Amino acid sequence: MRATPTNPPFVIRCFIVMMNALCDAVAEHGPAGYVPIPMVNRIWTRLQNLTTRFLAALARGPIQPRAKPAAKPTPEPNPEAQPTEPPRARRKRLTLPCREAWLYRLIPETGFTRFALQTILTDPEFAGLLEANPRLIRILAPLYHAMGIDLPAQPPVTPTPPPDSRRHILFGTPDPTPLDTPPPNQDFKIQPA
């Protein structure tokens with residue numbers, strides 16, 4: 001079955017389900033854990049935006065890096081300009097914590113999602129998506145930092161599966177090549193101990 005925008009790969013559907021479960025856990029357990037409602041709203045919005053950005057970047061596919069624009073010359077200050085009124089004092093903006101695993105520490109009920117996100121990260125198909133599009137790693141970095149999961153700078157390399165003597169029968173791969181060395185001389189007898 002091919003992946004289309006309406007039918008994404010299974011690992012992406014799992015990621016979407018986990019992100020929705022994480023948002024639900026934040027909305028349900030945040031106020032119960034004495035997290036202020038504005039903070040819960042901010043966390044929920046950040047997680048929704050992160051999911052949207054991830055899916056949009058995945059749909060766009062890999063993008064070639066752009067060349068850096070030339071630096072613009074800075075205008076010289078005008079000494080004759082009249083000083084303007086001082087800016088009004090702003091309200092302090094609500095910011096999210098930045099230490100490692102802050103979301104997991106703030107709302108421990110997100111632990112099941114933490115385990116699921118670790119599992120998705122080790123999936124070979126998901127690792128292939130990250131390898132094909134490094135921008136996805138930058139998008140997911142805040143999420144994995146908030147959950148206390150180490151996101152590799154390079155996607156994990158999956159080991160090659162061990163050779164199986166029946167693989168060529170099951171999957172239609174070519175027969176395994178026989179070893180070039182001759183079989184050992186089997187003139188010995190096995191005696192019971």
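The values are calculated or read from the model by the stated rules, or taken from the named source; none is laboratory data. Since we're looking at a predicted model, the values are computed, not measured. Here the Cβ is made from the backbone with ideal geometry for all residues, glycine too, and neighbour counts use every protein chain on show. We work out accessible area using only protein heavy atoms, side chains counted, and drop any ligands, DNA or RNA first. Shrake-Rupley method; radii C 1.70, N 1.55, O 1.52, S 1.80 Å.
Numerical summary
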{"quantity": "Qualifying residue in the stretch 22-34 (condition: part of a helix (DSSP H, G or I), under 19 Å from A127 (Cβ atoms) and among the hydrophobic types (A, V, I, L, M, F, W, C))", "calculated": "no"}
{"quantity": "Residue in the stretch 109-116 that is under 21 Å from R46 (Cβ atoms), of a type outside the set (D, E) and modelled with pLDDT under 85 present", "calculated": "no"}
{"quantity": "Count of the stretch 129-149 residues which are open to solvent by 20 Å² or more (accessible area, probe 1.4 Å), part of a helix (DSSP H, G or I) and of a type outside the set (A, V, I, L, M)", "calculated": "5"}
{"quantity": "Filter result (part of a loop (DSSP other than H, G, I, E, B), open to solvent by less than 60 Å² (accessible area, probe 1.4 Å) and not hydrophobic (A, V, I, L, M, F, W, C)) within the stretch 81-128", "calculated": "P97, D123"}
{"quantity": "Long-range neighbours under 9 Å by Cβ, at least six apart or interchain, first residue touching a residue at least 60 places away in the same chain (Cβ under 8 Å) within the stretch 94-119, second open to solvent by 80 Å² or more (accessible area, probe 1.4 Å)", "calculated": "E109/E28; A116/V17"}
